[in-house]
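K.L.:
Please find one structure pasted underneath; my questions will follow.
The values are calculated or read from the model by the stated rules, or taken from the named source; none is laboratory data. Just so it is clear, the structure is predicted and the values come from calculations on it, not from any experiment. Glycine gets a Cβ as well: all are built from the backbone with ideal geometry, and neighbour counts include every protein chain shown. SASA here: full protein model, heavy atoms, side chains in, ligands and nucleic acids out. Shrake-Rupley method; radii C 1.70, N 1.55, O 1.52, S 1.80 Å.
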Amino acid sequence: MKGIIFTEFMEMVEDRFSEDVAEEILELADLPSGGSYTSLGTYSHAEVLNLVTCLSKVSGVRVEDLVLAFGEYLFGRFADVHADFFENVPGSLDFMMKVEDYIHIEVQKLYPEATPPKLSCDRINENEMMLHYASHRPFAPLAKGLIQGCAAWFNETIEVSQEDLPGTGPGTEARFHLVKVA
Amino acid sequence: MDAEAWKKRYQREKKARKAAERIAEDKTREIFYRNQELTVLAESLEEQVKARTSELEQKNVSLKENRDELKKKQAMLQEANKALEEKALELEKVSQYKSEFLANVSHELRTPLNSLMILATLLLENSDGNLTEEDLHSISIIYNNANELLEIIEDILDMSKAEAGELSVHEEDLRLSDIRLSLKDQFHPLAMEKKLNFSIECADDLPEWVHTDRKRLKQVLKNLISNAFKFTPEEGNVVLSISKSVWNTDDQYTSEGLRFDVIDTGIGIPKEKQETIFQMFKQADGSTSRQYGGTGLGLAISRKLAHLMGGDLRLESEVDQGSTFSLVLPPEALLTDEPLDHLDHVENEFFLDGGKEEEKSFDNETILLVDDDLRNSFALSCLLQKQGLNVVLAEDGSQAMEMLNEDASVDLVLMDLMMPTMDGYEALGQIRSRVDLRMLPVVMLTASAAPEDERKCRAAGADDYLSKPVETSLLLDHLKRWLGH
């Protein structure tokens, strides 16, 4: 998994909790990398799962809620770093439709070894869309967080109902029903 | 956070920085190598381009060479083409000259033959009674040979036309009796010479007028009868039978057509030769030692002509029994253009075969005979005078006009077409332009074989048109009509 996810996660922990909490979970997680993350590197996604679990233990917040919050946070950071992706995109649903065929392709150009998830969109109407997520990583909750982060960035309210699908394990595949209500 | 934690944090960050630096270095190195690779690739591409360019240049040169060669070849072809075109033009000219030459020769041959035949006819009549049987026989041979020559000329002319696809038919209304008279005239002497019984039998229900090509019909019948004569031994019979016959049209309908049967009691033609004889230059007996002469053109042309007239030429024959050649003409041959006009001419004459001369049937009328060929003038005037006509002679159109100015008593003009000083057309024009001569009957007489000449003559105001050599009884028949007998 790309290093930026890890550095951003640690940033979030330091920002939302504290530097002490960050130190604590790193200590607790006992990671192979020792937590010396750089956005240029690539690390096992097990480490981020491990960190989230530790964060839950330390903070008492549910893992799902943490992942969701991280998703929202991550989207905001992406938007800051890659503002050019948002040019001429009118709304969140339109942006999500671009992710698979545009953004993931750009990612692959920069990092040929990257393996982003498969996203396919089925636009039902102007305000309604089905989004299918499939990955070898169990990050459907992260995807949901990203969706919400996206809606927040566009100042929209999107109702997200998630239907989990078996995939290759829990959290690896899900269908999201998105309805823009405002 | 205590100092220990800060130290850890510092160590971790340092480690992360080093990892990042290492990754960046690796990337840089990778980029360097990539760059090197790209340079090599670019160089090799450049070399490839160079090689390709020189290759293309070389190809270009060879293409140019090819093009130049092609151009040269093209020029050569054009030249050859031009030469061929010139040759074709030349050939066309030669062919045209040949046709003209043939036409001229035919004309030049017809004129003397005409006088020869007319004079022979006159002599055969033996009106002074001073010729021996032997003399008469010789004269009939002269006549028949002249006639044969004429047919050969016509066959050769027709063959050259058939080869050039120029054989054409010119259909018109004509009197059946004209055909009958001219055939009788022509073949009676021959029948006497060959000691054959020749007769023409006409069915009762035949019309007076028929509609077909006069010249071609006569030509086919002449050919058939000559053949019958040639292949029938002495004391044999040759009959021309004219009748109406059933004509089967393409659908189931039947109609009436005209049929001419030439029936002989000759040597006959074996089954396997019955088609061959209709081919050009082919005869039933084609060997050099053959018993019977001929050019082998007659039947081929005859059949072609029969087809051109819309009809057919058929043969039924049995060896040693005889042959029947049947010329059948389509129902159109019985449809005349202007039936009412012809009512004036309806005659109910009985035709007597056997060459008995008719009584003098003219009443001292004066004929102005215009012809530059003195032999012809002589022969014709002998014939006409014998029939009780006055004949005055003129050598060309201008002389004829002078005579018409001096002597108003001319009843009919009989004029040649081709003459020096003033030709027949011009003289005809002058005659028709004069009020007092407007009604004077003018009969054109010419050796020309061209069908358009008749049209031109009639358009210029000729009352009648006869082509040389003219058969005696046909000429008299026509003159009688114009002089009101």
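K.L.:
Please work out whether segment B:366-482 counts as rounded, prolate or oblate from its C-alpha gyration tensor, where a ≥ b ≥ c are the square roots of the eigenvalues and a/c under 1.5 means rounded, while otherwise a/b larger than b/c means prolate and anything else oblate?
P.N.:
Judged from the Cα gyration tensor, segment B:366-482 comes out rounded (a/c under 1.5).
K.L.:
Determine by what factor the alpha-carbon radius of gyration of segment A:3-61 differs from 2.2 N^0.38 Å, reporting the quotient.
P.N.:
1.00
K.L.:
Which residues belonging to segment B:1-24 lose at least 30 Å² of 1.4 Å-probe accessible area when the assembly is complete, relative to their chain isolated?
P.N.:
Residues passing the criterion (a loss of at least 30 Å², heavy atoms only) are B:Met1, B:Lys8, B:Arg9, B:Arg12, B:Lys15, B:Ala16, B:Ala20, B:Ile23.
K.L.:
About its Cα centre, what dipole magnitude does segment A:1-128 give when the only charges are +1 on Lys and Arg Cβ and -1 on Asp and Glu Cβ, stated in debye to the nearest 20?
P.N.:
So the dipole magnitude of segment A:1-128 works out to roughly 340 debye.
K.L.:
Run the paramagnetic zone check for B:Glu402: 7 angstrom along Cα to Cβ, then residues of segment B:422-445 with backbone nitrogen under 16 Å.
P.N.:
Label zone hits: B:422-423, B:427.
K.L.:
Could you tell me how many degrees, from 0 to 90 and to the nearest 10, lie between the Cα long axis of helix B:472-482 and the main elongation axis, the longest principal axis, of the Cα atoms of chain B?
P.N.:
90 degrees
K.L.:
Taking the DSSP beta bridges in the protein assembly as shown as the whole, what percent of them are antiparallel, to the nearest 5?
P.N.:
Of all bridge pairs located within the protein assembly as shown, approximately 70 percent are antiparallel.
K.L.:
Roughly how many Å² is the accessible area per residue of segment B:366-482, as a whole number, for a 1.4 Å probe?
P.N.:
39 Å²
K.L.:
Over chain B, what is the percentage of antiparallel beta bridges among all DSSP beta bridges, to the nearest 5?
P.N.:
So the antiparallel bridges in chain B amount to around 55 percent.
K.L.:
Please state the relative contact order of segment A:1-127 as a whole percent: Cα pairs under 8 Å, 6+ residues apart?
P.N.:
Once normalised by length, the contact order is 24 percent.
K.L.:
While we're on this one: Only sites in a loop by DSSP and with at most 10 other Cβ atoms within 10 Å count here; which GluC sites (Glu not before Pro) in segment A:90-182 make the cut?
P.N.:
Answer by residue number: A:Glu113, A:Glu126.
K.L.:
Pop out the carbon and sulfur fraction of the accessible area of chain B as a percent, whole number, probe 1.4 Å.
P.N.:
53 percent
K.L.:
Please report the spacing between the Cα centers of segment A:63-101 and segment B:390-426 in Å, no decimals.
P.N.:
Centre-to-centre distance over Cα atoms comes out at 122 Å.
K.L.:
Given DSSP loops and a limit of at most 13 other Cβ atoms within 10 Å, what is the longest stretch of chain B that contains no such chymotrypsin sites (Phe, Trp or Tyr not before Pro)?
P.N.:
Between the exposed loop sites, the longest stretch runs B:1-252.
K.L.:
What number in nm² do you get for chain B if you take the convex hull of its Cα atoms and divide its surface by four?
P.N.:
For chain B, averaging the hull's shadow over all directions gives 52.9 nm².
K.L.:
Restricting to segment A:88-180, what percent of DSSP beta bridges are antiparallel, rounded to 5?
P.N.:
Restricted to segment A:88-180, the bridges split so that about 100 percent are antiparallel.
K.L.:
Just in segment B:120-168: which GluC sites (Glu not before Pro) are loop by DSSP and have at most 10 other Cβ atoms within 10 Å?
P.N.:
B:Glu166
K.L.:
Need the per-residue list for segment A:31-66: every residue with at least 40 Å² less accessible surface in the complex of protein chains than in the chain by itself, probe 1.4 Å, sorted by number.
P.N.:
A:Ser36, A:Thr38, A:Leu40
K.L.:
For chain B, the longest stretch holding no trypsin sites (Lys or Arg not before Pro) located in a DSSP loop with at most 13 other Cβ atoms within 10 Å is which?
P.N.:
Answer from the scan: B:1-194.
K.L.:
Cross-link partners among aspartates and glutamates for A:Lys180, C-alpha distance below 18 Å, same-chain residues fewer than 8 apart left out?
P.N.:
Partners within reach: A:Glu72, A:Asp94, A:Asp122, A:Glu126, A:Glu128, A:Glu156, A:Glu159, A:Glu163.
K.L.:
For chain A, set up a GNM with springs between Cα atoms under 10 Å and report which of A:Leu110, A:Leu66, A:Leu74 has the largest fluctuation.
P.N.:
A:Leu110
K.L.:
Quick one: work out Rg over Rh on the C-alpha atoms of the protein assembly as shown, Rh as Kirkwood radius.
P.N.:
Using Cα coordinates only, the ratio equals 1.63.
K.L.:
With just the Cα atoms defining each centre, how far is segment B:78-139 from segment A:38-52? Give it in Å.
P.N.:
Here the answer is 121 Å between Cα centres.
K.L.:
Would you mind giving the total buried accessible surface between chains A and B, with a 1.4 Å probe and ligands, DNA and RNA left out, rounded to the nearest 100 Å²?
P.N.:
Summing both chains' loss of accessible area gives about 1100 Å².
K.L.:
May I pose another question? Taking chain A as the reference, fit the longest principal axis to its C-alpha atoms, fit the long axis of helix A:45-59 to the helix C-alpha atoms, and give the angle between the two in degrees, 0 to 90, nearest 10.
P.N.:
Approximately 70 degrees, to the nearest ten.
K.L.:
Which trypsin sites (Lys or Arg not before Pro) does segment A:60-155 hold that lie in a coil by DSSP with at most 14 other beta carbons within 10 Å?
P.N.:
For trypsin sites (Lys or Arg not before Pro) across segment A:60-155 that sit outside H, G, I, E and B with at most 14 neighbouring Cβ atoms in 10 Å, the list reads A:Arg62.
K.L.:
Let me ask another. How big is the dipole moment of segment A:3-61 about its Cα centre under a simple scheme where the beta carbon of each Lys and Arg is +1, that of each Asp and Glu is -1, and everything else is neutral? Debye, nearest 20, please.
P.N.:
Value, rounded to 20: 260 debye.
K.L.:
Of A:Ile103, A:Ile147, A:Ile124, which is the most mobile in a GNM of chain A whose springs link Cα atoms less than 10 angstrom apart?
P.N.:
In the Gaussian network model the winner is A:Ile124.
K.L.:
On to the next question. Go through B:Ala162, B:Cys382, A:Ala114 and say which Cα lies farthest out towards the positive end of the charge dipole of the protein assembly as shown; charges sit on Cβ, +1 for Lys and Arg, -1 for Asp and Glu.
P.N.:
A:Ala114
K.L.:
Counting pairs of Cα atoms in segment A:106-182, how many percent are more than 20 Å apart?
P.N.:
36 percent
K.L.:
Can you list the lysines whose alpha carbon is less than 22 Å from that of B:Lys7, not counting same-chain residues fewer than 8 positions off?
P.N.:
Of all the lysines, those that pass the test against B:Lys7 - Cα under 22 Å, at least 8 places apart if same chain - are B:Lys15, B:Lys18.
K.L.:
Please tell me which of these pairs span more than 20 angstrom C-alpha to C-alpha: B:Lys98/B:Lys215; A:Lys2/A:Lys109; B:Lys218/B:Lys456?
P.N.:
Correct reply: B:Lys98/B:Lys215; B:Lys218/B:Lys456.
K.L.:
With point charges of +1 on the Cβ of Lys and Arg and -1 on the Cβ of Asp and Glu, referenced to the Cα centre of the protein assembly as shown, which listed residue (B:Ile431, A:Gly171, A:Ser56) lies farthest in the positive direction of the dipole?
P.N.:
Looking along the dipole axis, the top candidate is A:Ser56.
K.L.:
While we're looking at this one, here's another question. Relative to the longest principal Cα axis of chain A, at what angle does helix A:63-81 sit, 0 to 90 degrees, rounded to 10?
P.N.:
Result, in degrees: 70.
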